[in-house]
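Below: the structure, in structure tokens.
Nothing in this text is a laboratory measurement; each read-out follows from the coordinates by a stated rule. This one's a predicted model, so the numbers in the text were calculated from it and none came from an experiment. Here the Cβ positions follow ideal geometry from the backbone for every residue, glycine too, while neighbour counts run over all protein chains shown.
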Amino acid sequence: MAGVGRALATTVAVVTLAASSGCTGEGRSAEPAPSSVGSGTTVAPTIEDNHAVPAPGPRQPGVVAPADILVVGGETLDPATVAAIQELDGVTDVAVISLSESVIENRALRVAAVDPATYRTFVRQRSADFQEAWDRLAGGELALKKRLKDRVPTDAQGYLQLGAAADAPKVHIGTFIDQQPLIDAVVNETWIDTLDMVRDNALLVRTGQHAPKPIRHKIEKLLAAGTSAQLVDLATRTGIDPSAQQLAVVTGSVADAVGVYRYSVLGAGHIAPDPAWVRAHITTETVPLLGAVTCNKVVFRQLRAALEEVHERGLDDAIHPDQFAGCYYPRFIAGTTTLSNHAFGLALDINAVENQRGTAGLIDRGVVQIFQKWGFTWGGDWRYTDPMHFELNSVVTPTPESARN
């Protein structure tokens with residue numbers, strides 16, 4: 001039985017709770033031609049010394065295949081529970097990782113912190129044998145899922161900012177590889193604290209020739225409440241396991257605004273958040289200029305302060321209440337199984353008709369400046385613009401002094 005790898009994270013960790021009653025910078029490499037697969041180095045190329053670990057060396061002989069089951073919790077998994085799962089009949093390999101989601105331009109990117117030598121055996125063999133990818137991962141760079149190559153915003157040096165806040169950490173993209181299903185990007189374990197992840201909160205489980213569904217039921221009996229188990233083979237085919245309740249654990253500057261977010265998947269891209277979460281976090285209040293708005297409770301103090309300043313500056317006509325497209329909207333991003341900040345009630349779409357995606361938009365830039373001052377990111381600054389969109393990225397406490405600045 002393979003050894004247990006280590007690592008996991010949380011900037012936003014979308015995980016699952018089984019239902020018991022479901023771009024790189026210039027010169028960086030993509031996956032190589034077949035002739036170069038399997039080549040190795042002994043020293044990891046290092047971008048940041050404080051995020052480097054020893055290079056893993058060539059892949060060791062053994063099974064190379066994606067996991068069949070993904071276990072994820074909001075807290076570090078109990079080592080005794082991990083050991084018990086390892087010993088279950090039908091479980092052939094496990095790897096402990098740290099798993100989280102970073103919301104980037106209103107899209108949650110699933111990020112795992114892993115041991116490169118262990119995790120590489122849980123991807124397709126071609127990627128597992130791409131030695132440069134694992135050397136770069138060991139050197140402190142990020143490995144991104146190939147299909148996301150042109151879908152994430154990077155700066156001119158090839159760095160990806162993991163989070164919406166201005167001071168969110170940046171990681172250099174070193175390579176593009178196939179990933180374990182339900183994972184978009186991986187970093188090495190030195191990033192766990194930097195990215196504010198929950199350490200060792202997820203487990204990849206392989207069942208070999210054994211059917212994974214009965215084994216998942218055995219695993220569920222061992223797990224603490226609030227921990228999930230999802231069949232990854234179903235996720236591979238459909239994007240998500242329809243028999244599992246989903247859960248998101250959010251960290252970062254607005255972590256308290258979300259906490260643990262459980263939801264069920266409905267049809268047509270809609271989701272049904274846990275009613276207890278909705279009662280604790282979502283409310284409707286009346287704010288200046290827009291009227292009644294339904295959002296996450298944490299939004300209102302800053303939203304009200306921003307709109308009051310809009311009024312004080314004489315910009316009332318720049319806000320069109322009839323074009324307000326909402327705040328709390330429990331569904332996936334259209335055509336995906338990816339959560340947005342609207343699902344958490346942390347984003348607003350203002351003047352939607354005249355500020356469509358992919359355009360510069362007509363929204364008054366003075367309004368934009370005010371919202372940015374009060375802790376909101378503006379979608380008009382994104383790689384693929386969304387000028388109607390404002391999302392909370394930091395908590396700002398309104399004071400008389402701040403209102404005058």
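Computed values, structure above
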item	result
Debye log10 I(q)/I(0) for the stretch 277-404, one point scatterer per Cα, at q = 0.22 Å⁻¹	-1.47
Segment residue 126-residue 331, extension gain: residue separation times 0.36 nm, minus the distance between their alpha carbons	70.3 nm
Within the stretch 277-404: Cβ-based charge dipole about Cα centre, in debye rounded to nearest 20 (Lys, Arg +1; Asp, Glu -1)	460 debye
Chain lengthening between residue 353 and residue 193 when straightened (0.36 nm per residue, less Cα-Cα)	53.5 nm
Qualifying aspartates and glutamates (Cα of each under 16 Å from Cα of residue 149; at least 8 residues distant if same chain)	26, 31, 105, 141, 178, 184
Pair residue 272, residue 383: separation of 7 Å Cα→Cβ label points (nm)	3.6 nm
Entries of 221/297; 297/373; 145/218 with Cα pairs more than 27 Å apart	221/297; 145/218
Neighbourhood net charge (15 Å Cβ-Cβ; Lys/Arg +1, Asp/Glu -1) for residue 50	-4
Centroid-to-centroid separation of the stretch 305-381 and the stretch 140-210 [C-alpha atoms, Å]	28 Å
Summed side-chain charge close to residue 393 - residues other than residue 393 whose Cβ falls under 13 Å, Lys, Arg +1, Asp, Glu -1	-3
